[in-house]
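Trainee: The structure that follows is given in the form of structure tokens.
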Amino acid sequence: MARNRGKQLEPTLYASWGGKSTTRFLRHRDAPNKVLLARRHQKLQAVIPAVSLPNASEEKADPAHADEVYDACVAYLLEKTRERQKFSLLFEENCGYGFRRNLWGLKPIGLLFAFAGTLATGWLAFNFYRTRTAIPLLVVVCGGINFGLLLLWIFWVTPSTVRLAAEAYAERTCHRDRCVQC
């Protein structure tokens, strides 16, 4: 359920970021460091000589086609780096991205349960207080945990935290020496 919901919302994330992180890491128009981009392209060209990577003017003339080429390169790299032991860092970054994406997909449900738990323990605590009975430690602890979870769902499970993981994954896929030496 979590994965399905995360995958369902993934296009929304990509649209808000300007495309997949792996694709953006290969674009000329998104490159903050042209030297690093040239290195990525050079390594990709060495690994996939049959594919002609677009230069900056070709990308500008047809950005959709350039993105298709970059996506094809990334798909190739991912197929060549499936071996978990050899590419453990890439696998870990992919798991981290998937986990955060799926959490973001479950955010409405998580918020609902955390809010309901906070409300329920608050109501219990209020009733103990109203009857001048000591509030049990369990009610206080459960209330604190539910409130903490509510804050976590509100402030940590966001598209920004998913993007951090996506960019770390993209960097491992498109940049690190070990990942592109298939």
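Trainee: What number of residues within the range 1-43 are farther than 18 Å from A168 by Cβ, more than 20 Å from the chain's Cα centre (by Cα) and not charged (D, E, K, R)?
Mentor: 5
Trainee: Scan the range 4-58 residue by residue and report those that are among the basic types (K, R) and either part of a helix (DSSP H, G or I) or farther than 22 Å from G105 by Cα (or both).
Mentor: R5, K7, R24, R27, R29, K34, R39, R40, K43
Yes/no per residue for (1) modelled with pLDDT under 95; (2) of a type in the set (D, E, K, R):
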| site | (1), (2) |
| --- | --- |
| F99 | no, no |
| L112 | no, no |
| F128 | yes, no |
| I154 | no, no |
| A168 | yes, no |
| E171 | yes, yes |
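Trainee: Scan (1) modelled with pLDDT under 90; (2) under 15 Å from Y169 (Cα atoms); (3) surrounded by fewer than 19 Cβ atoms within 10 Å (Cβ to Cβ) for the single condition E92 breaks and write down its number.
Mentor: (1)
Trainee: Does the range 39-53 contain any residue that is without any contact (Cβ under 8 Å) to a residue 60 or more places away in the chain, surrounded by fewer than 18 Cβ atoms within 10 Å (Cβ to Cβ) and in the same structural domain as V157 (by TED's automatic domain parsing)?
Mentor: For the range 39-53, residues without any contact (Cβ under 8 Å) to a residue 60 or more places away in the chain, surrounded by fewer than 18 Cβ atoms within 10 Å (Cβ to Cβ) and in the same structural domain as V157 (by TED's automatic domain parsing): absent.
Trainee: Across the range 58-89, which residue is surrounded by the fewest Cβ atoms within 10 Å (Cβ to Cβ) among those that are among the hydrophobic types (A, V, I, L, M, F, W, C) and touching a residue at least 40 places away in the same chain (Cβ under 8 Å)?
Mentor: L89
Trainee: Please note which helices (runs of 4 or more DSSP H) are completely contained in the range 81-167 and include at least 3 residues that are over 25 Å from R5 (Cβ atoms).
Mentor: Once the helices (runs of 4 or more DSSP H) in the range 81-167 are filtered for at least 3 residues that are over 25 Å from R5 (Cβ atoms), what remains is 107-130, 137-155.
The values are calculated or read from the model by the stated rules, or taken from the named source; none is laboratory data. Computed from a predicted structure; not experimentally measured. Neighbour counts are summed over all protein chains in view; Cβ atoms, including those assigned to glycine, are modelled from backbone coordinates with ideal geometry.
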